[in-house]
Amino acid sequence: MKMLLVNQSADVCGTAVGTSEPGRCGVYQHGLRMKNMLSKDDRYELVYREIDSGDAFLKILGEDNPDVIFYNWHWLTIPWLTADHTRSTRAKQIVYHHEHPGLIPYTFNYDAVLMADMTDIPDARIYSCPRPLLESPFLKDIPKNDIFTVGSFGFGLADKGLDQLVRRVGEQFDEAVVNLHLTSAFYGDAQGYQMLAVSDACRAAARPGIEVNITNHFIPEQDLIDFLRGNHINVFNYDYMPERGLSGAADYAMAVDTPFAVNSSHMFRHISSRRPDINWDNYSLKEIYELGLEPVRYFQKLWSTENFRNKVYDLAVGE
């Protein structure tokens, strides 16, 4: 069996200037993680393609002749994919959907939709899916700061609650360090103006005793892992955003051996519903930190590479 994994083109989402690293799009990075996980499943042959047009897609269909097509789909990142394209092949088709069920492309000819937000409606061919966490990241032994250090990262957008995060740390600690790694989002802040404004707001939110360190340059995945490992706890504090899908940033925090916390944002409903004890709207960061790595291990087991691979395989070969 041959499976074609379709991702957006790296050029479309803005390859980081001065590097060979694709960046600035969480959906694209999601597709890369899925490729790395599925390529090691020896039950089928995986062919990974980054495609930027419908014509290119039809050409690749003729060249690769897949039995299954797995789309890492979002209407912003693969806008060229139409219902006609999905009707141009007899291959089984699985759509990995990044937003809520109301935005599923129901006009497509698909055999299954894998929901990133874990909605499960089997009668409608909509299935929940384990989060594709980083597979066995290389964890260096990185010394922690003597002062309690809170980290966070992601696109520097106003709805990520970052200045409020700094303010809340100041309410819980007399002395602390806040490390933020904020980059510009290709979709919504391509020039980085919002990122810079958010960075300034974070610095302004720090009261005496709270040191704020902010970096804005693109870093490779391994450097991001090292950044997360260097903090005592990593924290995400988004606005509620009831219309949005799940946060991909938290996937990285679950993959490294460092405690993490979320707030009550709708984008963390998959986390706080399972482990309300790491919701810092209800518990202090000290209390969550003292839980140690048990919550991290819980999610690593729940959303293991094996569980993700088996879900995709079962849909690919099922009737």
Exercise. Of the residues that sit in the range 284-317 and are more than 12 Å from ALA261 (Cα to Cα) and of a type in the set (Gly, Ala, Ser), which one is surrounded by the most Cβ atoms within 10 Å (Cβ to Cβ)?
Worked result: ALA316
Exercise. Of the numbered conditions (1) surrounded by fewer than 18 Cβ atoms within 10 Å (Cβ to Cβ); (2) touching a Gly at 6+ places or on another chain (Cβ under 9 Å), ASP281 satisfies every one except a single condition; which is it?
Worked result: (2)
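Is it true that GLY245 is under 16 Å from the mean Cα position of the chain (by Cα) and either buried (at least 17 other Cβ atoms within 10 Å of the Cβ) or free of Cβ contacts under 8 Å to residues at least 60 places away in the same chain (or both)? It would help to see each step written out before you state the result.
Values: under 16 Å from the mean Cα position of the chain (by Cα): yes; either buried (at least 17 other Cβ atoms within 10 Å of the Cβ) or free of Cβ contacts under 8 Å to residues at least 60 places away in the same chain (or both): yes.
Here the answer is yes, as GLY245 does meet what is asked.
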Exercise. Inside the range 204-216, can you point out the residues that are outside any strand (DSSP E or B), under 24 Å from ASP174 (Cβ atoms) and in contact (Cβ under 8 Å) with a residue 24 or more places away in the chain?
Worked result: ALA204, ALA205, ALA206, ARG207, GLY209
Problem set entry | Where ASP84 falls short, out of the listed (1) part of a loop (DSSP other than H, G, I, E, B); (2) surrounded by fewer than 14 Cβ atoms within 10 Å (Cβ to Cβ); (3) outside the structural domain of ILE225 (by TED's automatic domain parsing) | (1)
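Looking for something part of a strand (DSSP E or B), of a type in the set (A, V, I, L, M, F, W, C) and in contact with a Gly (Cβ under 9 Å, 6 or more places away or on another chain) - is there at least one such residue anywhere in the range 153-166? It would help to see each step written out before you state the result.
Of the range 153-166, the ones part of a strand (DSSP E or B) are 153-155.
Subsequent filtering for residues that are of a type in the set (A, V, I, L, M, F, W, C) retains 153, 155.
With in contact with a Gly (Cβ under 9 Å, 6 or more places away or on another chain) added as a condition, the list becomes 155.
There is at least one residue in the range 153-166 that is part of a strand (DSSP E or B), of a type in the set (A, V, I, L, M, F, W, C) and in contact with a Gly (Cβ under 9 Å, 6 or more places away or on another chain).
In the set VAL312, VAL317, which member is within 30 Å of PHE70 (Cα to Cα) and either at pLDDT 95 or above or touching a helix residue (DSSP H, G or I) at 6+ places or on another chain (Cβ under 8 Å) (or both)?
On the way: VAL317 fails: either at pLDDT 95 or above or touching a helix residue (DSSP H, G or I) at 6+ places or on another chain (Cβ under 8 Å) (or both).
Checking each option against the conditions leaves just VAL312.
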Problem set entry | Filter result for GLU221 (modelled with pLDDT of 95 or more and assigned by TED's automatic domain parsing to the domain that holds ALA185) | no
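So is ILE219 over 30 Å from HIS74 (Cα atoms) and assigned to a loop (DSSP other than H, G, I, E, B) or not? Outline the logic, then answer.
Working: over 30 Å from HIS74 (Cα atoms): no; assigned to a loop (DSSP other than H, G, I, E, B): yes.
Here the answer is no, as ILE219 does not meet what is asked.
The values are calculated or read from the model by the stated rules, or taken from the named source; none is laboratory data. Remember, it's a predicted structure, so these values are computed and weren't measured experimentally. Every residue, glycine among them, receives a Cβ derived from its backbone with ideal geometry; neighbour counts consider all protein chains shown.
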